[in-house]
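Undergrad: I'd like to ask you about the structure that follows.
The values are calculated or read from the model by the stated rules, or taken from the named source; none is laboratory data. For clarity, every value in this text was computed on a predicted model and none was experimentally measured. As a convention, Cβ positions derive from the backbone with ideal geometry for all residues, glycine included, and neighbour counts pool all protein chains shown.
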Amino acid sequence: MQQTTNFLLAGLLASVTLIAHAAAPAWQEGATYVAGSSVSYAGHDYQALVTHTAFVGAGWTPSASPTLWRDLGPSSGSVATPAPSVAPTIAPTTVPSPKPTVIPSAAPTQAPTATPSATSPATGNCLAAWQSGIAYTAGQRVSYQGVNYEAKWWSNTAPTNDQWGAWKNLGRCDGATPTPLASATPTAIPSASPSPTAKPTATPTITPTVSPSPAPVVTPTPSPSATPAIPSTGLLFDDFSYSTISQLGNNGWSLRSWNGGPGLSNGQWSPNNISFVADPQQSGNTLMRLKASTAISGDQIVGNAATAGSSSQVELMTSDSIYLNGTWAARMYFNDAPLRGPDGDSVIQTFFGITRYLEGTEPYSEIDFEYLPNGGWGIDSPTMWTGTYEIAAYDPLNHVAASTVKSFAGWHTLVMNVADGDIRFYVDGKLVQSYSGIAQPDNPMFIAFQLWFSNTAMPDGRSGFLRSTELREYQEDVDWVLHLKDQQLSLAEVEALVANLRSKGLGFVKNIK
């Protein structure tokens, strides 16, 4: 999730051996560093926490990347470290960082050769051809099979005419008859099989057979029955109709109490930050409330640790990692402003799936909804991030993410449809990201919720924490969570199933193995 599980991170960081570097080589942009290697930068020595490449333009300087580098203190050598070519305050611009140990960036491993055109291309004027193996970012333009395209977000897959995909069709550039965009893709996203192989090819005469709707929609169109059957197997549903946190543990939820990341390396977490409150909008309904607070000032943070003040964050996670293909769904209430204190911290409100993280090992998988009401990770506005990881160490080919920049304050139903080779993220039935490729999660995960603070630098270089020691407190509410194994449900189908479960008084069901 822009960072990642947490389970062993604090112990991991504590185990790193501190080494005195009398003459560490200067950090260089574009170089690859092995975990444990040392460099000097801006008068300090640093030790690499993970093996990584400092991609050109990513801004992953040691002082700005505390999850990549450990600050060993002032350099013992007498020669000052030369300034890098990239200002150390530059933060990743597009892609959120995985929780384990790295802060990713949308910077591609190789710059595309195409020079984006400022205007739509004219017929007979094809842009530079799309190239396999290159990661393209939002706004970059290429040509492919006689058509010019513009990337909507980060993508390393070939352009298609899928109107919900990563590429925008700008029209033909080879003089041939234009292909209507609407006919190049089904008018609805099928619920039974979201695999990209089920989509018809880009031929205008093909009529999709999976959807009877004549107009494009963003949710699968098959209507659920009035009383959908409750699955006898493969289902987890929790209505969070509890009164104490001990009841959560009895139903297989784990509440975090140990210190560490994501966020500050000495960040604090407490099970007492979970409570249960009456739903003011629905009589008899109970909501699970998560809260996080901090009195840490941004100028009290050195490296990625607070030297003063305190924070209290919250994490709730299933005790078993058995969730992968199928429908993931949760109804949540996001807040843009703190419950108390000044506003402006980079706070993250989440619903996600993740495997247990062990340093330097695979396999690994992660899928995320992460809402940042005050911005962060390269964007200074309310932003919903969606993304998927297939390996733990950041690699542009094995992590994809999309950002929806707008406020999501209020109630929203989040749905992730996961199948072999394909994943789709929906907010209130609207598709916000779809992806097919090697970053597809392929290992069973835990289901989790978090509310925490990020120290990742904002676009102007300031800390993710306000420069204030006044107490700030944020909260989010969760109504229910559902996972149905190996079945891809639409929003309407999810809501109908939840309504049926509630009508039968089934506040908790777990028959998945």
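Undergrad: Do you know which residues across region 459-470 are surrounded by fewer than 19 Cβ atoms within 10 Å (Cβ to Cβ) and either part of a strand (DSSP E or B) or among the polar types (S, T, N, Q) (or both)?
TA: Ser468, Thr469
Undergrad: Also: Give, as residue ranges, the strands (runs of 3 or more DSSP E) completely inside region 17-84 that count at least 1 residues that are among the charged types (D, E, K, R) and at pLDDT 80 or above. Lay out the reasoning, then the answer.
TA: On the way: elements: 38-41, 44-48, 69-74.
Per the criteria, 44-48, 69-74.
Undergrad: Let me ask something else. Looking at Glu473, is it in the same structural domain as Ile296 (by TED's automatic domain parsing), crowded, with 23+ Cβ neighbours inside 10 Å and acidic (Asp, Glu)?
TA: Against the criterion (in the same structural domain as Ile296 (by TED's automatic domain parsing), crowded, with 23+ Cβ neighbours inside 10 Å and acidic (Asp, Glu)), Glu473 does not qualify.
Undergrad: Same structure again: Given the residues Tyr364, Tyr371, which is the only one that is at pLDDT below 85, under 18 Å from Ile447 (Cβ atoms) and buried (at least 24 other Cβ atoms within 10 Å of the Cβ)? Walk me through how you get there before you give the answer.
TA: Values: Tyr371 fails: at pLDDT below 85.
Selected residue: Tyr364, the only one of Tyr364, Tyr371 that is at pLDDT below 85, under 18 Å from Ile447 (Cβ atoms) and buried (at least 24 other Cβ atoms within 10 Å of the Cβ).
Undergrad: List the pairs whose first member sits in region 127-156 and is within 17 Å of Thr386 (Cβ to Cβ) and surrounded by fewer than 19 Cβ atoms within 10 Å (Cβ to Cβ), whose second member is at pLDDT 70 or above and among the acidic types (Asp, Glu), and whose Cβ atoms are under 9 Å apart, counting only residues at least 6 apart or on separate chains?
TA: Short answer, once both residue conditions are applied: Ala138/Glu150.
Undergrad: Another one. Can you name the condition, by its number, that Val481 falls short on among (1) within 22 Å of Tyr333 (Cβ to Cβ); (2) at pLDDT below 95?
TA: It fails just one condition, (2).
Undergrad: Let me ask another. In this structure, does Tyr389 turn out to be assigned by TED's automatic domain parsing to the domain that holds Gly326, buried (at least 23 other Cβ atoms within 10 Å of the Cβ) and at pLDDT below 95?
TA: yes
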